[in-house]
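K.L.:
Quick one: the structure is below, and I'll ask about it shortly.
Every number here is computed from the coordinates shown, using simple stated rules; none is lab data. Owing to the predicted nature of the structure, the values given are computational and were not obtained by experimental measurement. As a convention, Cβ positions derive from the backbone with ideal geometry for all residues, glycine included, and neighbour counts pool all protein chains shown.
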Amino acid sequence: MNLGTLKLFKYIILFSLLSTLLSAQSLRPFDLFKKGIEDNNTLLVIGGIQGDEPGGFMSASLIVSHYTITKGSVWVVPNLNFDSIITRSRGRFGDMNRKFSKLSKKDPDYDNVEAIKKLIQADNVKMIVNLHDGSGFYRKNYIDKNHSPYKWGQSSIIDQNNINVDKYSNLYDISKEVCDYINKSLLKKQHSYQVRNTKTKDGDIEMERSLTYFAINRGKAAFANEASKALPVHQRTYYHLLALEKYMDIMGIEYTRKFALKEKELKNVIDNDIYISFYDNKINLPLSRIRNTIKYFPLNKKQIMDFKASNPLMVVLKKKNVYAIHYGNRRVTRLFPDYLEMSNINENIKVKVDGILKEVKIGSLLEVRKNFYIYPSKDLRVNVIGFSKKYRKNEAGLVISKKQIRKRFSLDKNGKIYRIEFYKGKKFAGMLLVKFDKNIKFALNTNEFFKNKI
Ligand SMILES: [Zn+2]
């Protein structure tokens, strides 16, 4: 990702956001991630034009977080209609994919639509793939209610067979190639893909207002890829990723990904490879199987929540006095704050894990088999949340095993991860986590996380 341009782009968005703020409604801007090395053959991937199609935006977000582009250039907008994603609606202010021909400046989606139009028209963008989850299974001939020409799922959509451009003009051939590629790796025969040509210019008034039609009329090859809403999200994601990989291949773009594109592994990545980090790594939370509510969560007294997330679809939203962590359509947990002033720990923390001395950074997760021990230090007070010994001011200098911690205080639903909090006087200085489970991996690299702010 090219940070410079990203920042610049965020400023542009910020300006357009400011103008929205001045009008009645303010909407969350989308994010743009530039991957690979920018060139004149850029693929623009768009997810989340409709907020209730998680297969599409989850796939786009995984290209951001779990793919490295090793040759060529890919731009990804994983959360075009971010407010609708968070509220799980198709479109909070109507269907955004019908707003690309005419749109009133008063429309709350106006700024986001204008901004994505600019990206679509950027000189270096040569192909656009807009990701959707559609109903049922598209079939050229009517089979039954769910497999028919009226359904959208499992299809590659084009507005017409060809467009008059130098590169990628043969929309039908490309779309067919993508379908053939997906059809070699179907999870079930029933999931097969077909090309669907909406023949938009022959009078499809609905589709004339869509993003792809806007794009082809600006001389850009554009496709919509539809997975079926009848499939679980990870399976929809599987098909979108297969399609995206083929589009990249057709454009000569190369990549590596951090997981094998297999059903189970993909589900595991989506559900479990998710983290959020607060206050410059003072707290690093694994969100896999996290409890629905977490009480007495240390938050900055000024109520400003700085966080970094492992996935660009994550946000923290404040409602009354509770902070909800959202991940796409899911609300993963709610934090009930314990407002505290913050302090820093610059040195490593000295601990013994199963009798072995270690020095760890604040924010780390300790894998423990039997017990742990935090070395006492002059100005640090230690609080092991849920530790059952009668109240002590400082729980450093004690050998603590799992059975001494009450299970209901675990961070996760499995009762395996617990909090060790550090204080300097009354100020919160950071957190370690202990997990009594070998099977949870914690290969965090928070440098790759996505900065955000409420
Ligand atoms: Zn859609």
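K.L.:
Specify the angular offset, from 0 to 90 degrees and rounded to the nearest 10, of the alpha carbon long axis of helix 3-22 from the longest principal axis of the alpha carbons in the chain.
P.N.:
80
K.L.:
Sticking with this structure for a sec: Calculate the length of the line joining the C-alpha centroid of the stretch 325-372 to that of the stretch 256-306, in whole Å.
P.N.:
Centre-to-centre distance over Cα atoms comes out at 12 Å.
K.L.:
Using modelled backbone amide H atoms (1.01 Å from N, in-plane), which distant-in-sequence or interchain residues come within less than 5 Å of Gly430's amide H?
P.N.:
Excluding prolines and chain starts, which carry no amide H, the hits are Phe422.
K.L.:
Arrange the following residues from fewest to most other Cβ atoms within 10 Å of their Cβ: Tyr375, Tyr181, Tyr142, Tyr279.
P.N.:
Going from least to most buried by this count: Tyr142, Tyr375, Tyr181, Tyr279.
K.L.:
What whole-number value in cubic angstrom gives the convex hull volume per residue for the C-alpha atoms of the stretch 292-388?
P.N.:
Hull volume over Cα atoms, normalised by residue count, gives 150 Å³.
K.L.:
Could you work out the relative contact order of the stretch 3-270? I mean the mean sequence separation of Cα pairs under 8 Å and 6+ apart, divided by the number of residues, in percent.
P.N.:
On the way: 562 pairs, mean separation 58.5, N = 268.
Relative contact order, the stretch 3-270: 22 percent.
K.L.:
Rounded to the nearest 20 debye, what is the charge dipole size of the stretch 3-270 about its Cα centre when +1 sits on each Lys and Arg Cβ and -1 on each Asp and Glu Cβ?
P.N.:
On the way: 40 positive and 29 negative charges, 82 e Å.
It works out to roughly 400 debye.
K.L.:
Multiply the residue separation of Asp306 and Asn292 by 0.36 nm, subtract the distance between their alpha-carbon atoms, and state the gained length in nm to one decimal. Mind showing how you got there, number by number?
P.N.:
Values: separation 14, 0.36 × 14 = 5.04 nm, distance 2.09 nm.
This chain segment gains 2.9 nm when fully extended.
K.L.:
Here is a follow-up. Percent relative contact order of the chain, based on C-alpha pairs within less than 8 angstrom and at least six residues apart?
P.N.:
Taking the mean separation of contacting Cα pairs over the length of the chain, I get 13 percent.
K.L.:
According to a simple spin-label model (label point 7 Å from Cα along Cα-to-Cβ), what is the distance in nm between Ser192 and Lys106?
P.N.:
Reported label-point gap for Lys106 and Ser192 is 5.1 nm.
K.L.:
For the stretch 121-137, what does the Karplus curve 6.51 cos²θ - 1.76 cosθ + 1.60, with θ = phi - 60°, yield as ³J(HN,Hα) per residue in whole Hz, taken in order and with x for Gly and Pro?
P.N.:
Couplings: 8, 4, 3, 7, 6, 10, 8, 10, 10, 9, 9, 9, 10, x, 7, x, 10 Hz.
K.L.:
A further question on this structure: For the stretch 274-453, go through all pairs of different Cα atoms, get the mean of 1/r, take its inverse, and jot down that Kirkwood value in Å.
P.N.:
16.6
K.L.:
Could you pull the Rg and Dmax for the stretch 3-270, using just the Cα atoms, both in Å?
P.N.:
In Å, with Rg to one decimal and Dmax whole: 17.4, 52.
K.L.:
Tally Lys/Arg at +1 and Asp/Glu at -1 over every other residue whose Cβ is under 9 Å from the Cβ of Tyr138; what's the total?
P.N.:
+3
K.L.:
Okay, next question. Fewest to most neighbouring Cβ within 10 Å: what's the order for Ser135, Ser156, Ser388? Before the final figure, lay out the partial values.
P.N.:
Values: Ser135 14, Ser156 27, Ser388 11.
Neighbour counts put them in this order, fewest first: Ser388, Ser135, Ser156.
K.L.:
Let me ask you something else. How much length is gained on full extension from Asn346 to Lys378, taking 0.36 nm per residue of separation minus their Cα-Cα distance? Mind dumping the intermediate values first?
P.N.:
On the way: separation 32, 0.36 × 32 = 11.52 nm, distance 1.40 nm.
Residue separation times 0.36 nm, minus the Cα-Cα distance, leaves 10.1 nm.
K.L.:
Setting aside same-chain residues fewer than 8 positions from Lys393, which aspartates and glutamates have a Cα under 18 Å from its Cα?
P.N.:
Once the sequence-local aspartates and glutamates are set aside, what remains near Lys393 is Asp338, Asp379, Glu421.
K.L.:
What does the charge count near Leu266 come to, summing +1 for each Lys or Arg and -1 for each Asp or Glu among other residues with Cβ under 13 Å from its Cβ?
P.N.:
+1
K.L.:
Also, quick follow-up: To the nearest 10 degrees, how steep is helix 233-250 against the longest Cα principal axis of the chain, on a 0 to 90 scale?
P.N.:
60
K.L.:
Which entries of Lys167/Lys201; Lys71/Lys102; Lys282/Lys319; Lys184/Lys264; Lys145/Lys264 have Cα-Cα distances beyond 28 Å here?
P.N.:
In this structure, Lys71/Lys102; Lys145/Lys264 exceed 28 Å between Cα atoms.
K.L.:
Where the centre of each part is set by its Cα atoms, how far does the stretch 53-105 sit from the stretch 223-249, in angstrom?
P.N.:
14
K.L.:
In debye to the nearest 20, how big a dipole does the chain give about its Cα centre with +1 on each Lys and Arg Cβ and -1 on each Asp and Glu Cβ?
P.N.:
Taking the Cα centre of the chain as origin, the dipole is about 2640 debye.
K.L.:
Ok, one more. Starting with the fewest neighbours, write out Val399, Val77, Val195 ranked by other beta-carbon atoms found within 10 Å of each beta-carbon.
P.N.:
With the sparsest Cβ surroundings first, the list reads Val399, Val195, Val77.
K.L.:
For Lys308, go through the aspartates and glutamates and keep the ones whose alpha-carbon is under 13 Å away, minus same-chain ones fewer than eight residues off.
P.N.:
Asp280, Glu448
K.L.:
Can you give the FRET efficiency to the nearest 0.05 for Glu206 and Arg28, using r as the Cβ-Cβ distance and R₀ = 30 Å?
P.N.:
0.70
K.L.:
In degrees, nearest 10, range 0 to 90: what is the angle between the Cα axis of helix 54-66 and the longest Cα principal axis of the chain?
P.N.:
With both axes taken from Cα atoms, the answer is about 60 degrees.
K.L.:
After finding the eigenvalues of the alpha carbon gyration tensor for the chain, what semi-axes result from the square roots of 5 times each, listed largest first in whole Å?
P.N.:
That gives 45, 23, 19 Å for the three semi-axes.
K.L.:
Please list the non-local residues whose amide H lies under 5 Å from the amide H of Leu365, H modeled 1.01 Å from N, same-chain partners needing a gap of 5 or more.
P.N.:
Correct list: Leu433.
K.L.:
Report relative contact order for the stretch 274-453 in percent, whole number only (criteria: Cα-Cα under 8 Å, sequence separation at least 6).
P.N.:
Numbers: 393 pairs, mean separation 43.3, N = 180.
Answer for the stretch 274-453 is 24 percent.
K.L.:
What does the charge count near Ser101 come to, summing +1 for each Lys or Arg and -1 for each Asp or Glu among other residues with Cβ under 10 Å from its Cβ?
P.N.:
With Lys, Arg at +1 and Asp, Glu at -1, the net is +3.
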